[in-house]
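Heads up, the thing below is written out as structure tokens.
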4 protein chains.
Amino acid sequence: MTPIEIPASHTSPTFSPYLEPVASVRPGEPVVIHTLDALGGRVRSEADSPTEAEKDFSPNPVTGPIFVEGAEPGDTLAVRIESIEPASDFAFSCFIPFMGGLSSTAATRTLQDPIPERTWIWDLHEGPEGRYLENKDVRVRVPWEPFMGSIGVAPAVEVVATVTPGPHGGNMDCPDVRPGSTLYLPVSMPGALFAAGDGHARQGQGELCGTALEIACRLTVTFEVEKGRSIAWPRIVSDERLMVVASAKPMEDAARIAYAELVGWLAEDYGFDRWEAYELLSQVGGLYVANMVNPLYSLVASVEKRYLQRT
Amino acid sequence: MTPIEIPASHTSPTFSPYLEPVASVRPGEPVVIHTLDALGGRVRSEADSPTEAEKDFSPNPVTGPIFVEGAEPGDTLAVRIESIEPASDFAFSCFIPFMGGLSSTAATRTLQDPIPERTWIWDLHEGPEGRYLENKDVRVRVPWEPFMGSIGVAPAVEVVATVTPGPHGGNMDCPDVRPGSTLYLPVSMPGALFAAGDGHARQGQGELCGTALEIACRLTVTFEVEKGRSIAWPRIVSDERLMVVASAKPMEDAARIAYAELVGWLAEDYGFDRWEAYELLSQVGGLYVANMVNPLYSLVASVEKRYLQRT
Amino acid sequence: MTPIEIPASHTSPTFSPYLEPVASVRPGEPVVIHTLDALGGRVRSEADSPTEAEKDFSPNPVTGPIFVEGAEPGDTLAVRIESIEPASDFAFSCFIPFMGGLSSTAATRTLQDPIPERTWIWDLHEGPEGRYLENKDVRVRVPWEPFMGSIGVAPAVEVVATVTPGPHGGNMDCPDVRPGSTLYLPVSMPGALFAAGDGHARQGQGELCGTALEIACRLTVTFEVEKGRSIAWPRIVSDERLMVVASAKPMEDAARIAYAELVGWLAEDYGFDRWEAYELLSQVGGLYVANMVNPLYSLVASVEKRYLQRT
Amino acid sequence: MTPIEIPASHTSPTFSPYLEPVASVRPGEPVVIHTLDALGGRVRSEADSPTEAEKDFSPNPVTGPIFVEGAEPGDTLAVRIESIEPASDFAFSCFIPFMGGLSSTAATRTLQDPIPERTWIWDLHEGPEGRYLENKDVRVRVPWEPFMGSIGVAPAVEVVATVTPGPHGGNMDCPDVRPGSTLYLPVSMPGALFAAGDGHARQGQGELCGTALEIACRLTVTFEVEKGRSIAWPRIVSDERLMVVASAKPMEDAARIAYAELVGWLAEDYGFDRWEAYELLSQVGGLYVANMVNPLYSLVASVEKRYLQRT
């Protein structure tokens, strides 16, 4: 089957219920989605200023929205991440004034001067052990471990910028949205109206400085629709783990939501009552920070599947 | 060399500069520290109420303080965790009214009723693949992966209850304080005045319900003193990673401190300037929640040693 | 001049740049805006459940949007609150499950049961000292001190539910948006696209239980457009004070934004440099909580005009 | 009766259960307490650096502790603020690097440079309308409205620095601790062990830059002991209002505690059930920020006494 291809020219700065779909696809059908990098290709060298790049440009353009046939409000959209391939031979990262985890921001205001703006170019290389990236100043080899930073569906009523995460997915910047994993999203609109962008060649937990290794990508996914199954927040299933991604401020609100949803998931699907699930997750749960830099922070609560085997 | 042994009868409810040491030890000398469980042995069966156990008892008694010879304010105390052995054939966990990550608390107040009090007994077994624990209702086998929940030194002026974490260590509930790792603590008082307790047979990230698999332990450590090296927050070095543990509320404050300290560490010891360190950690750093239930939340920022090899 | 009247049938559940205006008005022209109460008239007695009322109904409908002639992106819209008159002889307040300041919520999750749902009817009376409200159980007379809870303009790109506050105004639940005061809002769309609703007969600071004394109102305003003057967050000027309303989570982020904007305002318009403004506000500023229950919390930083007179 | 006088030479950097009292007083007996300013008199002109002043000096020395006869753990200490008189003809305020509400701090870390250090001298004048203060650059007259910034009793077990507020009182920086008001504190140790310092000639809500108009004072108080009445957090009663001061981070935790305690107070002493109290405070409560700069933030929930008159 020739997969459907969505060109990177079809992008939006929002996840929105009011946008016209750019394509319609069937469950099970592979879809190749070409995505721009977070700044639309405007940063190509150390000399390129991200502040300039953001003038008249909304960061994190997402390709879509894609109408998935059969998806209705109240369903869950399963997005199998088949592969993510680079569409560039370099990635970049930037320090942007009044942005990032160790800077004051528009949300956490101070009267201090910003840290210096700076662009870092990381060249993509092919080595005997696989692809890696390297920057000439940092001089550390970092493996190609790609994922999509902003990926989601349309909310029901609101329109949300692609730099913000939420129940609809969006800019979670979660490294576990990677090839081999399946992302589950709550469907609020007919066709779900899926879109993705903001590919990352790699990223640490937290996306500390506010940018990852930003790169244009070719993302391949297949969709399934879980009819009549309703979830409140994005979930991820990998070979080894179940995960819930919750986005909120302060971080403890995101932590509580993520774990509360995971308690509910274990109670619903794995035969534990909710107190048993609460007790079990207290002893075996995982909880990491995906992003500490976006308008809402994303935390990932997880459990390894091996701990769901009851004796 | 016969190691020094500190009996579990020598405990304190605080980390305090005003306590008399219970022993004096030399750097390099193995020390065996017998610790009580978090509720001092008062919970032994499902019928034992933690609320009753806490009446007239301060939770998390720590054994100590131990005077480490040569440690002076401004030094760093290195605590090599040699081993942690169980001193009981079971561990327990509890739901305590108005405590825990998915409950309102004395800090996060609501007018709701508490969730039901409950005690969970996890029996310790020896299997072909090693020790594990199992509870009769949860019915999941959980491996013996012990660490000390509350471990630290005396602050300079204040006295801090052993249920609270901080720059002095304390109740970080960090699973990486485990055998084979070395914990570094800032020395504020002559002799450092080290103490440890609150052993955990295992714990998930966050210590979700407020209690881990609580167990009395026999902890063996050796101390070294790094003269004239001053650190602001606890650090951990394992075979694979460097870590900083910071404790604060809201969580994002702890996240910022932990990563800022790690930026400083890389700049000081690994030849990066601070902007390179900030950039590198953005792409390869780790950030997980150790506890989301204590008076301050503990977050752990980390970097794998392999990413500190420059080309 | 016969004022323009906008009927309460013209409501929206969002502040949105994509809505068609329901009327177009000129600066200086009085406009009478009829508003529904927060639950659209569905709660009329103690027997009416707010949970039932919210089924298939978006709370906080706002009347509008109104196109203000001459308002362009980058301008500031001045909204003089001329009067607020009751359109009902009672107001109501509710305890809604998992909502309110002393309850766990969808944002601050716990596993506890909710507090009991309840509806409180406050009858509006006319006394010798003016209008007041009284509830049969609380039995305290509370003066009629009305303001609009949700009032704002369209954002530039996003669509925001009327239950959420932000830079565009929205559900600030700020008691200082009252007759005699002027509210200033940043214009993001041609015509500003103003709307208002969620009238409150009175409210304490914080809107503690999540609802004020909710009432349908007849709001009269006049608009002015400040051409080429750009503000980042809503401002209020009363006879006595300058105020900035900022909405964020955690509350300290809102506090920082509100005061930082007020520093900027004093520096821009009152001849202080920003360090003098920072110093002055440290000694004479006011900072109260307007709401602690909405998706973002609103804090109000203020200064009395008398402290802007330099010697 | 000649009041007992406690000289300013008897100060402590902590609220501590382990300190020896400097005096013993009887309930009802006036006590004059001489207090140092927050930096112990080391800042006297613009040329004096607060950073230098803090070297080898703990800020906020409090005079005491004072043993109040008859006070036992579980009682409440009532501290009537009789008067606060200046002991200096000027007050000062400072910008201290990495301190203050619009700066990154040791708790809210960034990689930015600090704002410039600066000392502001405010001269105290006597005018026809009373005392006021004025700084030569700000050039605004600010009235003498004094209160004690750090005032409290000994905690039960912990020792808390005088720069930190908590259930024991401490550095609440609450402008309502002023002449004519009565502060209520929970007694944890025999004699309560009261101390006070950090006098402020005036302060805005939030203590924005981290320092108020700091001044040495002569504080006169009288104590009463409410036997067998136990409170969890400090309360204030003025002629017009009941107030609870709670200190926590994030701010919303302090807001919840303050209002929850006020709900309890109304239920206990004023004949409302707790749901009526919750409803009433939603409509008439006050909630302002006393400090947004200390290790914990202090919020003040209040109700006017006139709203406690039931019909």
Seminar exercise, completed: Of the residues in the stretch C:262-300, those that are among the small types (Gly, Ala, Ser), more than 8 Å from chain D (Cβ to nearest Cβ) and within 27 Å of D:PRO116 (Cβ to Cβ) number 4
Problem set entry | the stretch B:137-188, subset basic (Lys, Arg) and closer than 19 Å to B:TRP120 by Cβ, residue surrounded by the fewest Cβ atoms within 10 Å (Cβ to Cβ) | B:ARG139
Exercise. Would you pick out the residues in the stretch D:53-80 that are assigned to a loop (DSSP other than H, G, I, E, B) and either of a type in the set (Ser, Thr, Tyr) or within 30 Å of D:VAL43 (Cβ to Cβ) (or both)?
Worked result: D:LYS55, D:ASP56, D:PHE57, D:SER58, D:PRO59, D:ASN60, D:PRO61
Exercise. How many residues, within the stretch C:42-52, are part of a loop (DSSP other than H, G, I, E, B) and either loosely packed, with under 15 Cβ neighbours inside 10 Å or in contact with a Phe, Trp or Tyr (Cβ under 9 Å, 6 or more places away or on another chain) (or both)?
Worked result: 7
Problem set entry | Check on C:ALA212, in a loop (DSSP other than H, G, I, E, B), more than 16 Å from the chain's Cα centre (by Cα), at pLDDT 95 or above and not aromatic (Phe, Trp, Tyr) | no
Exercise. Do any strands (runs of 3 or more DSSP E) entirely within the stretch C:223-311 hold 2 or more residues that are aliphatic (A, V, I, L, M) and closer than 30 Å to C:SER104 by Cβ, and if so, which?
Worked result: C:241-248, C:286-291, C:297-304
Exercise. What pairs come up if the first residue lies in the stretch D:1-25 and is free of Cβ contacts under 8 Å to residues at least 40 places away in the same chain and more than 18 Å from D:SER150 (Cα to Cα), the second is of a type in the set (A, V, I, L, M, F, W, C) and surrounded by 19 or more Cβ atoms within 10 Å (Cβ to Cβ), and their beta carbons are under 6 Å apart, counting only those six or more places apart or on different chains?
Worked result: D:ILE4/D:VAL25; D:ILE4/D:VAL31
Problem set entry | Every residue from the stretch D:88-97 that is within 22 Å of the chain's Cα centre (by Cα) and in a loop (DSSP other than H, G, I, E, B) | D:SER88, D:ASP89, D:ILE96
For this session: Kindly establish whether B:SER104 is in a loop (DSSP other than H, G, I, E, B) and within 30 Å of C:ARG109 (Cα to Cα).
Result: yes
Problem set entry | Single unsatisfied condition, D:LEU242 versus (1) crowded, with 24+ Cβ neighbours inside 10 Å; (2) touching a strand residue (DSSP E or B) at 6+ places or on another chain (Cβ under 6 Å) | (1)
For this session: Kindly check whether there is at least one residue in the stretch D:108-122 that is among the hydroxyl-bearing types (Ser, Thr, Tyr) and within 14 Å of chain B (Cβ to nearest Cβ).
Result: yes
Seminar exercise, completed: Just one listed residue, out of B:ALA254, B:ALA232, B:ALA267, is surrounded by fewer than 21 Cβ atoms within 10 Å (Cβ to Cβ) and under 24 Å from B:ALA161 (Cβ atoms), and it is B:ALA232
For this session: Determine, yes or no, whether A:VAL237 is more than 8 Å from every other protein chain (Cβ to nearest Cβ), surrounded by fewer than 20 Cβ atoms within 10 Å (Cβ to Cβ) and under 15 Å from the mean Cα position of the chain (by Cα).
Result: yes
For this session: Would you point out which residue out of B:PHE272, B:PHE194 is at pLDDT 95 or above, over 27 Å from A:LEU287 (Cα atoms) and under 13 Å from the mean Cα position of the chain (by Cα)?
Result: B:PHE194
Problem set entry | Positions within the stretch C:59-83 being crowded, with 17+ Cβ neighbours inside 10 Å and either closer than 26 Å to C:SER93 by Cα or modelled with pLDDT under 95 (or both), in sequence order | C:PRO59, C:ASN60, C:PRO61, C:VAL62, C:THR63, C:GLY64, C:ILE81
Problem set entry | Options D:ARG139, D:ARG131; residue that is in a loop (DSSP other than H, G, I, E, B) and either more than 30 Å from B:ARG256 (Cα to Cα) or in contact (Cβ under 8 Å) with a residue 24 or more places away in the chain (or both) | D:ARG139
Exercise. Can you spot a residue in the stretch A:183-191 that is under 30 Å from B:ALA258 (Cα atoms) and in the same structural domain as A:PHE90 (by TED's automatic domain parsing)?
Worked result: yes
Exercise. For the stretch B:147-204, list the strands (runs of 3 or more DSSP E) that sit wholly inside it and hold at least 2 residues that are within 20 Å of B:PHE92 (Cα to Cα); which are they?
Worked result: B:147-152, B:194-200
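The rows are residues; the columns are (1) out of contact with any His (no Cβ under 9 Å at 6 or more places or on another chain); (2) surrounded by fewer than 18 Cβ atoms within 10 Å (Cβ to Cβ); (3) closer than 14 Å to B:SER282 by Cβ.
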| residue | (1), (2), (3) |
| --- | --- |
| A:ALA87 | no, yes, no |
| A:LEU102 | yes, no, yes |
| A:THR119 | yes, no, yes |
| A:LEU124 | yes, yes, no |
For this session: Please go through the stretch B:199-253 and pick out each residue that is among the basic types (Lys, Arg) and over 30 Å from B:ASN135 (Cα atoms).
Result: B:LYS227, B:ARG229, B:ARG235, B:ARG241, B:LYS249
Seminar exercise, completed: Matching residues in the stretch A:109-128 (more than 21 Å from A:VAL293 (Cβ to Cβ) and in a strand (DSSP E or B)) number 5
Problem set entry | Close pairs from the stretch D:142-156: first on the phi > 0 side of the Ramachandran plot and without any contact (Cβ under 8 Å) to a residue 40 or more places away in the chain, partner surrounded by fewer than 24 Cβ atoms within 10 Å (Cβ to Cβ) and among the aromatic types (Phe, Trp, Tyr), Cβ under 7 Å, at least 6 apart | none
Problem set entry | Any hit, the stretch D:170-181, residues being within 14 Å of chain B (Cβ to nearest Cβ) and without any contact (Cβ under 8 Å) to a residue 12 or more places away in the chain | no
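The values are calculated or read from the model by the stated rules, or taken from the named source; none is laboratory data. Computed from a predicted structure; not experimentally measured. FYI the Cβ positions are ideal-geometry reconstructions off the backbone, even for glycines, and counts take in every protein chain you see.
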